[in-house]
Amino acid sequence: MKLLENSSFEALSSRLCVETGESRILGRIESYSCKMAGDDKHMFKQFCQEGEPHVLEALSPPQSTSATSPSKLGKSSEDGENPLSDKCCRKTIFYLITTLNESFRPDYDFSAARAHEFSREPSLNWVANAVNGSLFSAVGEEFNSLGPELWNAIDQEINLQGCDIYSYNPDLDSDPFGEEGSLWSFNYFFYNKKLKRIVFFTCRSVSVLSGYGFDRLDSELDMELDDEEEMDGFTGDSFPTALCV
């Protein structure tokens, strides 16, 4: 997997790292090529020792479906609506795991993740509503302008209509977002098999009381200040070229 440069995603990720009163939002959007490099090929060979790449494995039901319509969980597979019947080939699961490893390296290792920790989302509308609802409740009216930019940038990169959408919903023991103070999180993979590309959208909200996320926000602020200083033509040891009097 290779991280693909995308200036729109970098700008959006910066805007998705904000403090909103009692909580701190940490969001990131990244694009990855599914073409395997040296290390990926080695990992894939190890992965295939546990099963052939085209073997189907059962996924968990999507949280959006179970949360919105719990009655569906009781239906039999004969109804054709049982989300427990959804399956995915092991090669796709490998792509999802590798994306997680690349995105969160070196803080977390997802090599032990299993198919039941992933879900296939029922539709783009489900995912868009879930994302929009979480972010609007967190940042308020500002999301009215950010939302359209966000979805347009993702669509331009991955062609949303041509994607299968997966989510990562780990158990409590392996949840990287299970730190104290974590309020909510989501992890979506927009996988376009034809383009051999995945757009990964991860976001979490943590309580400001936990102190978690300060390093990330401080880093974003430092980068912005450095950019402003370069544009103004001075460093930390010099003075601005113009002063307010």
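The values are calculated or read from the model by the stated rules, or taken from the named source; none is laboratory data. Everything quoted here is computed from the prediction, not taken from an experiment. When the accessible area is computed, the model is the full protein with side chains, heavy atoms only, and any ligands, DNA or RNA have been set aside. Shrake-Rupley method; radii C 1.70, N 1.55, O 1.52, S 1.80 Å.
Below is a table of values for the structure above.
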quantity: Per residue accessible area of the range 88-202, 1.4 Å probe, in Å²; calculated: 46 Å²
quantity: Fraction of accessible area attributable to carbon and sulfur, the range 1-69 (%, probe 1.4 Å); calculated: 50 percent
quantity: Radius, Kirkwood style, for the range 16-68 when every pair of distinct Cα atoms is counted (Å); calculated: 15.7 Å
quantity: Members of K87/K193; K91/K194; K41/K194 lying beyond 18 Å, as alpha-carbon distances in this model show; calculated: K41/K194
quantity: Cut-off under 5 Å, modelled amide H: who pairs with L4 long-range; calculated: S31, Y32, S33
